[in-house]
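Presented below is the structure to which this report refers.
What follows is calculated from the coordinates using simple rules that are stated; it is not laboratory data. Worth saying up front: this structure is predicted, and the values here are computed from it rather than measured. FYI the Cβ positions are ideal-geometry reconstructions off the backbone, even for glycines, and counts take in every protein chain you see.
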């Protein structure tokens with residue numbers, strides 16, 4: 001089996017950071033879309049993001065959430081996934097020109113974080129160090145001033161989903177937690193976040209499964225911990241979402 005990348009994954013509420021190395025070989029993903037903005041930083045190598053109309057090759061570029069795109073990389077890159085319904089995600093959404101799915105960023109403000117990511121990867125640093133760097137990148141992208149907050153009822157739904165991912169997530173019970181009828185909850189959630197409730201739940205499950213897989217669990221274990229029916233369901237979802245099989249990624253843990 002060909003390994004597309006080796007690296008580390010770090011997850012915190014609203015975002016995740018993937019640092020992947022392709023051993024000097026070109027690696028890529030077929031056209032796909034995922035429910036998160038993807039900000040890519042070239043660490044020691046290069047990459048190309050393409051939406052079929054235009055391409056970005058960094059060294060710092062982003063593709064908007066839920067937009068189909070292709071991705072190829074050489075060497076080492078960092079992928080920062082930011083959920084669009086988060087405070088930072090709502091700020092980042094506004095940075096994409098109207099109708100555009102790709103945007104380049106001035107790399108200069110990100111130089112310290114890129115240096116820290118390279119140093120941390122070489123030293124196999126701990127999760128907390130990488131998460132701190134990831135948060136710094138988010139601040140560089142989005143600033144520290146909060147944007148308009150989500151409706152508190154929708155936030156309650158999101159919190160309930162995250163708390164029950166290892167079990168069946170039922171819209172009726174989540175809506176009840178927010179003091180809404182299921183139909184009203186479904187419409188309000190879509191209006192506030194821009195996506196269906198089921199799509200959000202699936203992304204949360206996938207992010208939980210990736211974190212478990214990166215922590216050393218098998219795909220089968222990760223699938224069960226994240227509430228997927230089985231490893232086949234997780235594998236299909238991963239490939240559709242990221243454009244490559246999960247089995248083509250190898251993750252290490254800090255020493």
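Observations on the structure shown:
- Intensity falloff of segment 78-117 expressed as log10 I(q)/I(0), Debye formula with alpha-carbon point scatterers, at q = 0.13, 0.14, 0.19, 0.20 Å⁻¹: -0.35, -0.40, -0.72, -0.78
- With each label modelled as a point 7 angstrom along the Cα→C-beta vector, the residue 179-residue 30 pair spans 4.8 nm.
- Rg in Å to one decimal, and Dmax rounded to a whole Å, for the chain via C-alpha atoms: 17.7, 53
- Computed FRET value (nearest 0.05) for residue 192 with residue 167, which takes r as the C-beta separation and R₀ as 22 Å: 0.35
- Compactness relative to 2.2 N^0.38 Å, alpha carbon Rg of segment 1-151: 0.99
- Three-way shape call for segment 90-237 based on the alpha-carbon gyration tensor, with the a/c threshold at 1.5: oblate
- Helix-only CD estimate at 222 nm, as mean residue ellipticity for the chain, using -39500 (n - 2.57) per DSSP H run (n ≥ 4): -12500 deg cm²/dmol
- Global dimensions of segment 76-167 from alpha-carbon coordinates: Rg and Dmax equal 15.8, 44 Å.
- Enclosing the Cα atoms of segment 152-242 in their convex hull gives a volume equal to 89 cubic angstrom per residue.
- Modelled FRET efficiency - R0 22 Å, residue 250 with residue 220, Cβ distances, 0.05 increments: 0.85
- The GNM of the chain, with springs linking C-alpha atoms under 10 angstrom apart, assigns the highest mean-square fluctuation among 181, 50, 231 to 181.
- Stokes-Einstein, applied to the Kirkwood radius of segment 19-104 over Cα pairs at a viscosity of 1.567 mPa s and 4 °C, places its translational diffusion at 101 µm² s⁻¹.
- Relative to the longest principal axis of the Cα atoms of the chain, helix 152-163 runs at roughly 70 degrees.
- Pairwise FRET efficiency - residue 108 versus residue 236, Cβ, R0 = 30 Å, nearest 0.05: 0.15
- The chain: most fluctuating residue of 84, 196, 59 per GNM, C-alpha cutoff 10 Å: 196
- Listed peptides 171-179, 35-43 by packing density, highest first (mean Cβ within 10 Å): 35-43, 171-179
- Proxy reagent accessibility, fewest Cβ within 10 Å first, across 158, 244, 82: 244, 158, 82
- Pair residue 13, residue 95: separation of 7 Å Cα→Cβ label points (nm): 2.2
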